[in-house]
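Below: the structure, in structure tokens.
The values are calculated or read from the model by the stated rules, or taken from the named source; none is laboratory data. Please read all numbers here as calculations on a predicted model, not as lab measurements. Because the Cβ atoms are built from the backbone with ideal geometry, glycine has one as well, and the counts that use them run over all protein chains shown. Just so you know, the surface numbers come from the protein's heavy atoms only, side chains and all, with ligands and any DNA or RNA stripped out. Shrake-Rupley method; radii C 1.70, N 1.55, O 1.52, S 1.80 Å.
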Amino acid sequence: MRVSGVDEDALTAALGPDPIPEDVVVALAQAKAEAVLTEFDDAVVVGCDSMLSIGDELQGKPHSVDVARRRWAAMAGRSGDLMTGHAVVRVLNGRSVAVASGCSSTKIHFSEPSSNDLEAYLASGEPLSVAGAFTLDGLGGWFVDRIEGDPSSVIGIGLPLVRRLLSDVGTSLSELWADSGSH
């Protein structure tokens with residue numbers, strides 16, 4: 001795993017006013033994949049990015065307790081769509097030879113955490129660096145009543161979509177597993 005260093009806020013702003021949410025997460029995923037391509041000679045690079053769309057607002061990482069608290073005030077007892085953009089790039093001899101991208105969307109139904117529980121969650125720091133100020137596979141999962149869609153995309157990489165995108169760039173799971181030495 002590599003951290004791309006992409007300036008998500010600047011890239012999102014460059015897409016102009018009122019961009020289509022799916023376009024935003026796919027553009028971010030593509031930028032992240034492209035940012036690390038030069039580190040590889042022969043590889044499949046997968047870039048991903050997620051944002052939560054709730055109440056006509058697209059939410060990325062809150063970065064501060066105050067922003068996360070405001071987002072939870074808007075999310076509590078409501079539903080939103082977590083969109084995860086994916087970009088799969090096949091790299092051969094140090095250059096990109098095939099690219100495929102797409103977006104998966106999963107509806108998240110949030111509970112209404114008590115003020116004590118929410119403050120404890122905010123104090124944990126977990127919601128500050130994740131899209132929508134929650135996680136499904138961490139402490140934030142306690143505040144998700146249910147989801148409709150692919151749980152793996154909520155965790156950060158939509159396995160069904162990535163499997164299809166791998167095929168689009170001429171790679172299979174069995175090839176990846178053989179190359180990694182794990183099964």
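Restricting attention to region 97-108, the residues that are of a type outside the set (S, T, N, Q) and open to solvent by less than 30 Å² (accessible area, probe 1.4 Å) add up to 4.
Take the conditions (1) surrounded by fewer than 17 Cβ atoms within 10 Å (Cβ to Cβ); (2) at pLDDT below 95; Thr135 misses just one of them, which is (1). In region 158-183, of all residues being within 16 Å of the chain's Cα centre (by Cα) and open to solvent by less than 70 Å² (accessible area, probe 1.4 Å), the one that is nearest to Met51 (Cα to Cα) corresponds to Gly158.
The set of residues in region 1-13 being outside any helix (DSSP H, G or I) and either under 24 Å from Ser53 (Cβ atoms) or in contact with a His (Cβ under 8 Å, 6 or more places away or on another chain) (or both) consists of Ser4, Val6, Asp7.
Each residue in region 20-44 was checked for being touching a residue at least 12 places away in the same chain (Cβ under 8 Å) and under 15 Å from the mean Cα position of the chain (by Cα), and 12 pass. Of everything in region 97-128 that is assigned to a helix (DSSP H, G or I) and hydroxyl-bearing (Ser, Thr, Tyr), the residue that is farthest from the chain's Cα centre (by Cα) is Ser115.
Tell me, yes or no, whether region 87-108 has at least one residue that is more than 30 Å from Val44 (Cβ to Cβ) and at pLDDT 95 or above. There is no residue in region 87-108 that is more than 30 Å from Val44 (Cβ to Cβ) and at pLDDT 95 or above.
When the residues of region 141-176 are filtered to those that are assigned to a helix (DSSP H, G or I) and touching a helix residue (DSSP H, G or I) at 6+ places or on another chain (Cβ under 6 Å), the one that is farthest from Ala74 (Cα to Cα) is Leu159.
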